[in-house]
Structure formats: C-alpha cells, structure tokens
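To start, the structure itself, in structure tokens.
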Amino acid sequence: MKKILCTILALTMVILCFGACSTQKEQVSDVDKVSETNKVSDTNKVSDVDYVKKNGKLVIGITDYEPMNYQDDNGEWTGFDTEFAIAVCEKLGVEAEFVEIDWDNKFTALESKSIDCIWNGMTISDEVIKNTSCSDPYVKNAQVVVMAKDKADAYKDAESMKDLSFAAEAGSAGFSAAQESGFESLIEVGTQTDALLEVTSGSSDACIIDLTMAKAMLGDDTNYSSLTVAFELTSEEYGIGFRKGSDLTETVNKYMAELIADGTLKALADKYDLVLAVDA
C-alpha cells in the first residue's frame, strides 16, 4: 500500500511540474509576442524628416506678423522667418508652404499634423517647451507696452499702469506678460495688429506686443504714428516649435548653425532690424 501511495504521489508531482512549466512557457511566449509587436511598431515609425521629404514640403504655421511673416504688395509671404524657413527648406530639399493658423490653437494644429512646425516669432516659454520640441533660440525679443505718445511719459513701470485697460493677442507671450504684471482690465484679441487697433481706436489704453513687431509697425510714416513704446515688460528669445520627439528639431538646428556660420542669418537680421540670439 505504501508503495502504491508513493507511486501516486510521484506521478502527481510530475503532472504538476509539467503544468507549471507549460504555463511558464506560455507566459514567456506572450512576453516575446509583445516584444516583437513593439519592435515592428518602432520599425514602422516614420520620422518627421522622412515625412516632410516624402510630402515634398514643410508646412509652416504662421500668423501675419511683421517683420517675421507678412505679405508684400504682391500678396506673397516675406519677412525674416519666411526667408529663414525658405533657406532651411532648400537644405532639406523640400518646398516651404506657409499656412495661417489660429495662434491660440497652434499646438493642436501641430499635433494633428495640419502643420509641421510653428515658425512665427514664437517666444520660448514654459508652455512652448511643454507642448513642442523647440529649436535653439535664434532671435532676441521683448514684450513691450505700446500706448499713445502723449500719454506714455506718465507711465514708467507696470505698477503705475494697474488701472489702465490693455489688449493682447490670445495665447501670446504678450498676454502672459500682461497677466503676470497684474493687469486686470485685459481683453484677448485675434492678432497683435488687432491689439494695436484697439489702442488706436481708444477701446484700450495700451497693448502688449513683441518688440520686433513694434519696431516694424510704429513710426512717423506708419498707420500707428500716434503710438509709441512706453517700456519693456520682459526679455525673451524666439524658437521654432516641432512635434514632441521630432527629429526635425536636431536637423533644423544643424542647418541653423550652418546659416549662422556662413553669415546668411546675420544678413537677414540686419535686413529686418533684428538681433540674433547668438549676438546678444
């Protein structure tokens, strides 16, 4: 009887062992399958560089913003960023296609692949770094307070302007600067030009726009000859935004360095009265 019980017990142990080994093999097999699936997925992933080269164009999200991107008398896009982008696209071997976007929804347009990059005097901010793969900085800028010439002398800093009304482009660095300065009477407008119009019409006491735009749009022979820069609120730099993880960032940074080294970017900066980040 004892021999029979020992035999049954031994057989049971063998069966259990076999079942456990079989299950373990199945689990290992499942892990291998997931691993193989991931490998296939990584292999099939197309880089942004390959994507734009296959399309034959780089779709660039912009707004009408002089001197970075604006239309000339023939309705053609021109400006510092326009010429800069075209020079980079020549190195990439693709065409530059400029598409006007809603600046407040720029990151959505980028992720949905409606555009391939945001290249329009975009301030490098925490929000930009969070939502894009940002290029190296290329131009210095500042957010400035613009108001009527006959009132500007009365205001020297943000604290002295707390009771005034302001306009700023929605989703812009200017709007963020206005909020950080504690300006409570603040309205959002569609573009920086709209912000200037708010002040010209008297709807707002002042507006916050980029220094680069103020230098291009204000002056005795302009539509905004009655306005002037009161003072600077912030100092900043411009960058180009690509999709998170995009290999276009490294590629464009390389081409940017080449255009700086051969003097192309410096010549463009002088042409449009801008200061390169590398010269600041």
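The values are calculated or read from the model by the stated rules, or taken from the named source; none is laboratory data. Since the model is a prediction, treat every value here as computed from it, not as a measurement. Every residue, glycine as well, gets a Cβ built from its backbone with ideal geometry; the counts of neighbours run over all protein chains shown. These area figures cover heavy atoms from the full protein model, side chains too; ligands, DNA and RNA do not enter into them. Shrake-Rupley method; radii C 1.70, N 1.55, O 1.52, S 1.80 Å.
Within the full protein context, the accessible area of Lys149 is estimated at about 90 Å² for a probe radius of 1.4 Å. Surface composition of region 217-280: carbon plus sulfur atoms contribute 46% of the solvent-accessible area (1.4 Å probe, protein chains only, all chains present).
Hey, what's region 231-280 come to in accessible area per residue, 1.4 Å probe, Å²? Walk me through the intermediate numbers first.
Details: 2380 Å² over 50 residues.
Spelled out: the 1.4 Å probe surface of region 231-280, per residue, equals 48 Å².
Taking Cβ atoms as reference points and 12 Å as the exclusive limit, the residues near Ala142 contribute a net charge of -2, counting Lys and Arg as +1 and Asp and Glu as -1. Across all Cα pairs in region 213-280, the calculated P(r) in 5 Å bins from zero up to the longest distance comes to 3, 12, 17, 19, 16, 14, 10, 6, 3, 0 percent per bin.
Between rounded, prolate and oblate, where does region 74-115 land on the alpha carbon gyration tensor, with a ≥ b ≥ c its root eigenvalues, rounded for a/c under 1.5, else prolate if a/b exceeds b/c?
Values: a/c = 2.41, a/b = 1.43, b/c = 1.68.
Oblate, since a/c reaches 1.5 and b/c is not below a/b.
Expressed as a whole percent, the accessible surface of region 37-170 that belongs to carbon and sulfur atoms is 42, based on a 1.4 Å probe. With 24 Å as the limit on Cα-Cα distance, the pairs of Lys130/Lys266; Lys53/Lys254; Lys215/Lys271 that go past it are Lys130/Lys266. Ordering 165-176, 124-135 by mean Cβ neighbour count within 10 Å, with the highest value first, yields 165-176, 124-135.
Only one residue of Ala148, Ser204, Tyr238 has its Cα farthest out toward the positive end of the dipole of region 135-243, where Lys and Arg carry +1 and Asp and Glu -1 on Cβ, and that residue is Tyr238. Rounded to the nearest 20 debye, the dipole magnitude of region 125-184 is 160 debye, with +1 charges on Lys and Arg beta carbons, -1 on Asp and Glu beta carbons, and the Cα centre as origin. Heavy atoms of the protein only, probe of 1.4 Å, neighbouring chains included. What is the accessible area of Trp77 in Å², nearest 10? Accessible area of Trp77: about 60 Å². How would region 109-242 be classified by its alpha-carbon gyration tensor: rounded, prolate or oblate, with rounded meaning a/c under 1.5 and the a/b versus b/c comparison settling the rest? Since a/c reaches 1.5 and a/b is larger than b/c, the shape of region 109-242 is classed as prolate.
How many Å² of accessible area per residue for region 148-187, probe 1.4 Å?
Working: 2150 Å² over 40 residues.
Accessible surface, normalised per residue, equals 54 Å².
Note on Lys113: aspartates and glutamates with a C-alpha under 12 Å away, same-chain residues under 8 apart excluded, are Asp48. Going toward the positive end of the dipole of region 37-167, with +1 on Lys and Arg Cβ and -1 on Asp and Glu Cβ, which of Thr63, Ala96, Asn74 do you reach last? The residue sitting most towards the positive pole is Ala96.
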